[in-house]
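Comments concern the structure below.
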Amino acid sequence: MKRTVFRNRWLPYALVAPQVAITIVFFFWPAFDSLRLSLYRASPFGDRLIFIGGGNFVRLLGDPAYFRSAATSFGFSLFVTFIGLALALLLASLANAKIRGLAIYRTLLLWPYGIAPAVAGVIWLFVFHPSFGVLPYLLSFVTAYQFNWFLKGWVALTLIVIAAIWKQFGYNLAFYLAGLQAIPGSVLEAASVDGAGPIRRFFAITFPLLSPVTFFLVTLNMTFAFFDTFGLVHAVTQGGPGDATSILVYRAWKDGFDGLQLGYSAAQSVILMLLVIALTAVQFRYAEKKVTY
Amino acid sequence: MTRSALGVLVAAAVLVAGFPSTTVAATEIQFWHAMTGVLDERVNEITAKFNASQSDYVVKAVNKGSYPETLNAAIAAYRAKQPPHVVQVFEVGTQTMLSSGAVYPVHQLMSDHKFAIDWNDLIGPVKSYYSTGGQLASMAFNSSTPILYYNKDHFKKAGLPDKAPSTWDEVEAMAKKLQAAGVKCPFGSAWPSWVLVENMHAYHDQPFADRSNGFDGLATTLKINGPFGVKMMELLARGAKEGWFTYGGRVNKGEALMTAGECGIFTTSSAYIGNLTRAAEGKFTWGTGFLPRLAGFPQGNSIIGGATLWVMKGAKPGEYKGVAQFFKYLASTENQAWWAGVTGYLPLTNSATKALEASGHYAKNPHQKTAVSQMNSGKTTPNSQGIRLGNFNSVRDAIEEQMENIFSGNKTAKQGLDDAVVKGNEILKEFAALYK
């Protein structure tokens with residue numbers, strides 16, 4: 001690796017300073033503030049701040065609904081990550097082929113990523129709406145089953161999984177496309193000469209060589225599903241029906257923002273923070289060993 | 001961001017912060033509100049009229065998003081010691097504001113600045129909802145109450161007479177006929193907790209929470225799982241199961257069904273008249289009626305929703321005089337009648353109601369009269385003066401969550417309401433612990 005040498009001692013520090021400053025102001029400061037606030041019962045306007053130690057955590061962990069919400073979150077992010085990545089890889093492989101109008105296909109496939117989660121939610125809300133949505137209308141020709149996600153939890157959850165996958169699709173696809181194009185053609189050709197069919201080639205060569213991309217995308221999608229999806233839930237289901245789509249980040253947001261229970265919400269953010277740190281650590285510790293760079 | 005763009009931004013920020021406008025002599029009054037669409041235009045209209053009527057003050061009306069967003073913006077600004085002078089807060093935030101210590105009560109503001117307003121002219125339900133110790137804490141602004149709407153075309157199709165149902169038995173019987181006639185949403189409702197739980201309790205003189213619904217001190221216990229609440233929920237659960245009640249989602253989401261012309265009978269805020277008038281034009285005809293009553297329970301009154309204007313502490317004394325002057329302007333009978341007439345909100349004073357009556361407004365817009373008549377025909381009791389809970393927004397959400405479990409058949413009416421009470425009490429006790 002080429003080693004860069006700076007003649008000025010302070011220049012490198014000056015160059016990283018803005019990034020460090022941004023990280024401190026926008027990440028460490030709020031994170032520590034949440035940590036502090038999670039130990040208090042705090043009034044909305046800040047006139048009352050009562051230290052209650054682990055009281056918020058006791059309240060949270062004594063609530064079965066919180067564990068249901070955790071289970072929903074894990075299920076949700078697993079579905080979003082694995083179905084999303086499988087689909088993205090499939091379409092990336094197709095879009096990597098030499099076909100006419102490739103640039104147009106690629107652009108169209110990347111498009112959804114430019115849409116905010118809340119807007120993606122509203123689009124799917126219109127598609128799925130039990131009364132005036134296109135999909136329930138079409139399904140009514142096939143089955144008499146009522147796909148009313150206002151009352152059926154699994155339908156609501158499926159709906160936000162689909163919307164989240166769709167929203168993240170372009171991003172995943174872009175990375176897989178780049179990854180596919182970085183695979184040397186000579187390796188694949190050699191495999192063909194040795195008699196490997198397309199499926200064998202994919203699993204023996206392409207997929208292992210894509211593993212750094214996959215690893216990166218799994219981490220990123222899990223984090224996306226855990227953190228960035230509250231706009232989606234907020235626009236479509238508001239956590240309902242019952243608490244079927246009340247994922248952890250949405251609960252934390254709702255208790256803090258709608259409910260103005262700031263300490264309680266901060267405690268939830270702290271738990272979320274720990275979960276994501278743990279998730280990332282586990283992935284780096286174990287998954288990275290299987291990754292070929 | 002490129003460095004030059006950043007530089008421009010910084011320079012702009014310095015300019016804005018460094019040079020307060022010295023050319024304008026008038027004192028600026030910040031007014032943050034949550035009115036959107038047509039209502040936003042009406043707010044701008046009334047502030048513009050006030051600004052034109054005098055030269056000492058300029059009221060700047062700023063839309064800050066939804067009600068919760070507006071409240072959060074005001075909280076953040078207050079904590080940063082830059083509060084707006086006036087903020088519009090929805091009714092469920094009333095206790096939060098009262099407890100906050102961040103508020104300059106409006107009756108005090110007016111008497112401090114020697115502006116006389118006849119508070120007794122305010123209609124009873126509004127005065128009681130927003131007063132503490134008989135004194136108005138915030139300036140009444142936009143209030144509504146739920147009423148019943150029905151789609152006349154669907155009624156005709158189902159062979160029903162052109163008349164709103166007046167009891168829940170009638171709602172059930174008519175909704176079943178509508179269902180048989182192929183109407184997709186025979187009966188529906190928006191604001192599930194506000195209309196079907198909060199208002200139904202008040203309307204039948206049933207307690208919603210302890211300590212007179214929180215008017216005699218901070219409430220800590222919900223009362224919604226009594227015989228009345230259970231009976232009401234069982235009725236709706238049966239409707240959902242049999243298909244004559246269509247659940248349309250939390251808060252005001254259900255209105256989309258009525259707006260699309262799919263519902264036969266519908267309950268929601270009286271302030272929905274404006275939207276429905278526009279949506280139904282040329283598509284279907286509709287009528288209004290009082291909220292339905294459940295046989296065997298006493299008469300109470302429906303309660304109000306909407307928002308009031310709160311004056312925040314932390315501004316300069318000279319600026320408060322402008323706020324008082326603005327409120328005095330808003331409170332005039334002429335402006336009250338105008339506001340109610342163009343928005344569909346309730347007229348807040350008796351004299352405004354009379355003015356609207358005298359001008360023939362109600363003869364031309366009979367549906368706007370329904371809510372007024374409904375409230376006048378009710379009985380104000382400790383159970384129907386209003387509901388004042390800490391963190392009410394969270395409590396309401398907990399109730400709607402369990403209503404969904406009841407309507408989907410996951411829980412019985414009793415079980416769902418019991419669970420809502422447990423969760424609601426936890427939220428109420430947290431709030432009470434904060435201000436004990």
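Among the residues of segment B:79-97, write down those that are in a helix (DSSP H, G or I) and surrounded by fewer than 19 Cβ atoms within 10 Å (Cβ to Cβ).
Selection gives B:R79 alone.
Name the single residue that is farthest from the chain's Cα centre (by Cα) among those in segment B:241-255 being of a type outside the set (F, W, Y) and crowded, with 21+ Cβ neighbours inside 10 Å.
Within segment B:241-255, the match that is farthest from the chain's Cα centre (by Cα) is B:T246.
Would you be able to say whether some residue in segment A:150-173 is of a type in the set (S, T, N, Q), closer than 30 Å to B:G254 by Cα, assigned to a helix (DSSP H, G or I) and over 20 Å from the mean Cα position of the chain (by Cα)?
no
Could you please find all residues in segment B:278-322 being touching a residue at least 12 places away in the same chain (Cβ under 8 Å), in a helix (DSSP H, G or I) and not assigned by TED's automatic domain parsing to the domain that holds B:N72?
Selection gives B:A279, B:A280.
Any idea which of (1) modelled with pLDDT of 95 or more; (2) closer than 28 Å to B:T353 by Cα; (3) surrounded by 16 or more Cβ atoms within 10 Å (Cβ to Cβ) is the one B:A209 doesn't satisfy?
(2)
Residue-wise test of (1) under 18 Å from B:Y130 (Cα atoms); (2) surrounded by 15 or more Cβ atoms within 10 Å (Cβ to Cβ); (3) aliphatic (A, V, I, L, M).
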site	(1), (2), (3)
B:E334	no, no, no
B:S351	no, yes, no
B:M375	yes, yes, yes
B:T380	yes, yes, no
B:Q385	yes, yes, no
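Which numbered condition trips up B:S394, out of (1) small (G, A, S); (2) crowded, with 20+ Cβ neighbours inside 10 Å; (3) on the phi > 0 side of the Ramachandran plot; (4) out of contact with any strand residue (DSSP E or B) (no Cβ under 7 Å at 6 or more places or on another chain)?
So B:S394 meets the others, but not (3).
Within segment A:100-115, does at least one residue satisfy the condition of being under 23 Å from the mean Cα position of the chain (by Cα) and not in a helix (DSSP H, G or I)?
yes
State the number of residues belonging to segment B:215-252 that are within 11 Å of chain A (Cβ to nearest Cβ) and part of a loop (DSSP other than H, G, I, E, B).
Here the count works out to 5.
For segment B:332-436, which helices (runs of 4 or more DSSP H) that fit wholly inside it have 3 or more residues that are farther than 30 Å from B:L236 by Cβ and either away from chain A (no Cβ under 14 Å) or of a type in the set (G, A, S) (or both)?
B:333-343, B:350-358, B:361-364
More than 14 Å from every other protein chain (Cβ to nearest Cβ) and either modelled with pLDDT under 90 or surrounded by fewer than 18 Cβ atoms within 10 Å (Cβ to Cβ) (or both): does that describe B:L15?
Working: more than 14 Å from every other protein chain (Cβ to nearest Cβ): yes; either modelled with pLDDT under 90 or surrounded by fewer than 18 Cβ atoms within 10 Å (Cβ to Cβ) (or both): yes.
Answer is yes for this residue.
Taking segment B:253-270, which residues are more than 9 Å from every other protein chain (Cβ to nearest Cβ) and assigned to a helix (DSSP H, G or I)?
Taking segment B:253-270 and keeping what is more than 9 Å from every other protein chain (Cβ to nearest Cβ), we get B:255, B:258-259, B:261, B:263-270.
B:E255, B:M258, B:T259, B:S270, listed by residue number.
Go through segment B:18-54 and report how many residues are part of a loop (DSSP other than H, G, I, E, B) and at pLDDT 90 or above.
Result for segment B:18-54: 3.
Name the residue that is nearest to A:L177 (Cα to Cα), counting only residues in segment A:209-242 that are within 14 Å of another protein chain (Cβ to nearest Cβ), among the small types (G, A, S) and in a helix (DSSP H, G or I).
A:G231
Considering only residues of segment A:135-149 that are more than 14 Å from every other protein chain (Cβ to nearest Cβ) and assigned to a helix (DSSP H, G or I), which is farthest from B:G261 (Cα to Cα)?
The qualifying residue farthest from B:G261 (Cα to Cα) is A:V142.
What residue, among those in segment B:65-78 that are in contact with a Pro (Cβ under 9 Å, 6 or more places away or on another chain) and at the interface with chain A (Cβ under 10 Å from one of its Cβ atoms), is surrounded by the most Cβ atoms within 10 Å (Cβ to Cβ)?
B:L71
Can you tell me which residue within segment A:17-46, out of those that are among the aliphatic types (A, V, I, L, M) and exposed (fewer than 15 other Cβ atoms within 10 Å of the Cβ), is nearest to the other protein chains (Cβ to nearest Cβ)?
Per the stated criteria, the residue is A:I22.
Yes/no per residue for (1) within 18 Å of B:Q95 (Cβ to Cβ); (2) surrounded by fewer than 21 Cβ atoms within 10 Å (Cβ to Cβ):
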{"residue": "B:S111", "(1), (2)": "no, yes"}
{"residue": "B:F115", "(1), (2)": "no, yes"}
{"residue": "B:I123", "(1), (2)": "no, yes"}
{"residue": "B:S128", "(1), (2)": "yes, yes"}
{"residue": "B:T132", "(1), (2)": "yes, yes"}
{"residue": "B:M139", "(1), (2)": "yes, no"}
{"residue": "B:N142", "(1), (2)": "no, no"}
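Filter segment A:163-178 for residues that are of a type in the set (G, A, S) and under 18 Å from A:S77 (Cα atoms); which is surrounded by the fewest Cβ atoms within 10 Å (Cβ to Cβ)?
Checking each candidate, the answer is A:G170.
Could you check segment A:102-133 and list, in sequence order, the residues that are within 14 Å of another protein chain (Cβ to nearest Cβ), more than 21 Å from A:V80 (Cα to Cα) and surrounded by fewer than 16 Cβ atoms within 10 Å (Cβ to Cβ)?
Within segment A:102-133, just A:F132 meets the criteria.
A:F227 fails exactly one of the following numbered conditions: (1) closer than 30 Å to B:G254 by Cα; (2) of a type outside the set (S, T, Y); (3) surrounded by 18 or more Cβ atoms within 10 Å (Cβ to Cβ). What is the number of that condition?
(3)
Here's the yes/no breakdown for (1) buried (at least 17 other Cβ atoms within 10 Å of the Cβ); (2) more than 21 Å from B:G390 (Cα to Cα):
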| site | (1), (2) |
| --- | --- |
| B:S166 | no, yes |
| B:G214 | yes, no |
| B:L218 | yes, no |
| B:K223 | yes, no |
| B:F228 | yes, yes |
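The values are calculated or read from the model by the stated rules, or taken from the named source; none is laboratory data. No experiment lies behind these values; they were computed from the predicted model shown. Every residue, glycine as well, gets a Cβ built from its backbone with ideal geometry; the counts of neighbours run over all protein chains shown.
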